[in-house]
């Protein structure tokens, strides 16, 4: 892996020491607009932290959740980076306006796709222009997920702690040991749900809150 991320992180640390920013209040969140998530987590997905959303059942609403995140960030003009590890994102299934603030990183299918996606996440997690980075590993091969070293996830956490950025990792099973919040979508929608309005299905999403850790204070 290139040394560029380490050099960028060191530069940010030097700038932070030279030009200290005002203290940020704890408990900062990115509201999702989905009642079950915002209420159970105390306001939404934490900023400056990693959140994992486990999509453990087929047709569990992960696409609805992704669309909702694009919609709410568009309403606040928050820039979003989506790292699509398996080139599965379908932009035509979302309103064009919801994509205007989106940076879509496509990883062509290959044996290195997951590794490339992790490298891209390492770079985007350090981009101060983004407010949300989504790493989509839902369809990544099980063998690739097992090969991701645990320290990699803690590296992501350290990278985003100083930032007003939420890193959301979509996985097929619990995989992110550094996640401050872990939500699990484990209920499949019925065929009849295809006839329901998208907005109603989105509002009815009810993931299980499996983990919520207190955010550690920033250190110099």
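Bear in mind these aren't lab numbers, they're just calculated from the coordinates by the rules spelled out. Just so we're clear, the structure is a prediction, and the values are computed from it rather than from any experiment. Counting neighbours? That spans all protein chains shown, and the Cβs are built from the backbone with ideal geometry, glycine included.
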>> How large is log10 of I(q)/I(0) for the chain at q = 0.07, 0.12, 0.16, 0.19 Å⁻¹ when the intensity is taken from the Debye formula with one equal scatterer per alpha-carbon?
In response: -0.21, -0.62, -1.14, -1.65
> Can you give the angle from 0 to 90° between the axis of helix 150-160 and the longest principal axis of the chain, with both taken from C-alpha atoms, to the nearest 10?
Replying inline: 70
> Given the options 52, 39, 195, which has the most mean-square fluctuation in a GNM of the chain, springs set between C-alpha atoms less than 10 angstrom apart?
Replying inline: 195
> So how tilted is helix 113-124 from the main axis of the chain? Cα-based, degrees 0 to 90, rounded to 10.
Replying inline: 60
> Could you give the nm distance between label points at residue 39 and residue 203, where each point is 7 Å from its Cα heading toward the beta carbon?
Replying inline: 1.3
> Using 18 Å as the cut-off for backbone N distance, which residues of the range 149-176 belong to the label zone defined by a point 7 Å from the Cα of residue 214 along Cα→Cβ?
Replying inline: none
> Quick one: of the DSSP bridges fully inside the chain, what percent are antiparallel, nearest 5?
Replying inline: 20
>> Using only the alpha-carbon atoms, how far is helix 4-18 inclined from the longest principal axis of the chain? Give it as 0 to 90 degrees, nearest 10.
In response: 60
> Among rounded, prolate and oblate, which fits the range 69-136 when a ≥ b ≥ c are the square roots of the eigenvalues of its C-alpha gyration tensor, a/c under 1.5 means rounded, and a/b larger than b/c means prolate?
Replying inline: oblate
> Between residue 143 and residue 194, what FRET efficiency follows from the Cβ-Cβ distance if R0 is 41 Å, with the result rounded to 0.05?
Replying inline: 0.80
> Per-residue ellipticity at 222 nm for the chain, helices alone: DSSP H runs ≥ 4 residues times -39500 (n - 2.57), over residue total, nearest 500 deg cm²/dmol?
Replying inline: -9500 deg cm²/dmol
> For the range 138-220, how big is Rg over Rh, using alpha carbon atoms and the Kirkwood form of Rh?
Replying inline: 1.05
